[in-house]
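First comes the structure, then the notes that go with it.
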Amino acid sequence: MLIKQRKGWEITESRVTPEHMFLNRRAFMGTAASAVAVLSAGAARAEDDPSAGLYPVKLNPTYADAGRPVTPLEINRAYNNYYEFGTSKQIYDAAEALPIRPWSVVIDGEVEAPVTLAIDDLLKKVQLEERIYRHRCVEAWSMVVPWTGFTLKSLVEMAKPKAAAKFVRFETFNKPEIAVGQQPGLFSSYPWPYVEGLTMAEAMNDLSFLVTGAYGKPLPKSMGSPIRLHLPWKYGFKSIKGIVKISFVTERPIGMWEAIQSSEYGFWANVNPEVSHPRWSQAMEEVLGTGERVPTQLFNGYGAFVAGLYSGLENEPLYM
Ligand SMILES: Nc1nc2c(c(=O)[nH]1)N[C@H]1C(S)=C(S)[C@@H](COP(=O)(O)O)O[C@H]1N2
Ligand SMILES: [Mo]
């Protein structure tokens, strides 16, 4: 039986508001006061990015409406989790120190032909599209982001993994000379570099998105430039930034947060309002820039796409 059912995010009337029209000044000031100082500097630097001419690109109509207004760029790029650059949300300036050219991405492991691709060569091989996704951090806040990128699936197909490949492992740069958080002393106990992983089936899901831009421009450094992952049905820590290596592996990768605190951060990390973090509830979330708290949805509202990935795995800790 085939019933055409409209999914939650396929809402006909576009409620997405362009950033410059949406900006709620009071919420903005409250959430990201320090953003004001960096606005003009950030705009100038974005033009130096050699990939700037690739943006903006066409919006994929399947992901055109997240059911909530887009979070203003000014909030998004100045309220970040990027522990390589410090523990606060205000890492925008520190992240500006990261050189994003030259930048290459290693694709290796169980693949027919391992390769190292310069980011601009990789960008030539892929089909860029825009998608508006909800982002839910494990810390119970959320945003709506107009990403530009390409499907992880298309990269997997390009890499031609062998049958032995069961998981995809992602790794962030390790540059203690630039990234204050990676310097000995500060968090020397953290097992840098940041690592995350997915099953092959998750990597092949249409939602899994490799992001190179946002808001119709190259990605700001604070948001993971030049390439990061976004997995809208999982807690934000799975969406690894500053990727330098993508490996096809036989064993389940152990992410950095899982390595630090496995009682709080697991491999699956699917969003679920009914499963509390050991230290707080996940039932509600603060929508940044709106002053609103809204109920959190199972799989962050993307269950129609991804619930099937987890059938038969009910005994696994899917929601932490
Ligand atoms: N390399 C790296 N990737 C990372 C993180 C990080 O600290 N380092 N933080 C994660 C967390 S907890 C979240 S919520 C998102 C935040 O992305 P944003 O700052 O673009 O909103 O990035 C994720 N990716
Ligand atoms: Mo997060």
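Loop only per DSSP, at most 13 neighbouring Cβ atoms within 10 Å: give me the GluC sites (Glu not before Pro) in the stretch 58-149, ordered by residue number.
E112
Using 0.36 nm per residue of separation minus the Cα-Cα distance, give me the extension gain between E177 and I254 in nm, one decimal.
Extra length available between E177 and I254 comes to 25.2 nm.
Between E264 and M204, what is 0.36 nm times their sequence separation minus the Cα-Cα distance? Round to one decimal in nm.
Values: separation 60, 0.36 × 60 = 21.60 nm, distance 2.64 nm.
Between E264 and M204, full extension yields an extra 19.0 nm.
Relative to a virtual label point 7 Å from the Cα of K160 in the Cα→beta-carbon direction, which members of the stretch 235-257 show backbone nitrogen distances below 20 Å?
From the stretch 235-257, the list is 246-250.
Relative to 2.2 N^0.38 Å, what does the C-alpha radius of gyration of the stretch 23-306 come to as a ratio? Two decimals please. Could you put the intermediate results ahead of the total?
Working: Rg = 17.8 Å, N = 284, 2.2 N^0.38 = 18.8 Å.
For the stretch 23-306, the normalised Cα radius of gyration is 0.95.
Do any trypsin sites (Lys or Arg not before Pro) in the stretch 229-318 lie in a DSSP loop with no more than 12 other beta carbon atoms within 10 Å, and if so, which?
Working: sites: K234, K238, K241, K245, R279, R293; in loops: K241, R279.
Loop-located and lightly packed - R279.
Pairs to check: K217/K245; K160/K217; K58/K125. Give those whose C-alpha atoms are more than 21 Å from each other in this structure. Before the final figure, lay out each step's value.
Working: K217/K245 23 Å; K160/K217 30 Å; K58/K125 17 Å.
Beyond 21 Å between Cα atoms: K217/K245; K160/K217.
Which ³J(HN,Hα) values in Hz, rounded to whole numbers, follow from the phi angles of the stretch 77-90 under the Karplus curve 6.51 cos²θ - 1.76 cosθ + 1.60, where θ = phi - 60° and Gly and Pro get x?
For the stretch 77-90, the Karplus-derived couplings read 7, 10, 9, 10, 10, 7, 4, 4, 10, x, 8, 7, 7, 9 Hz, x marking Gly and Pro.
Of all GluC sites (Glu not before Pro) in the stretch 213-286, which ones are in loop regions per DSSP and have a Cβ with at most 11 other Cβ atoms within 10 Å? Could you put the intermediate results ahead of the total?
Values: sites: E251, E258, E264, E274, E285, E286; in loops: E251, E264, E274.
Taking the stretch 213-286 and a limit of 11 other Cβ atoms within 10 Å, the loop GluC sites (Glu not before Pro) found are E251, E274.
The numbers here are math on the coordinates, done by the rules we state, and not lab data. Small disclaimer: the values here were computed from a predicted structure and weren't measured. FYI the Cβ positions are ideal-geometry reconstructions off the backbone, even for glycines, and counts take in every protein chain you see.
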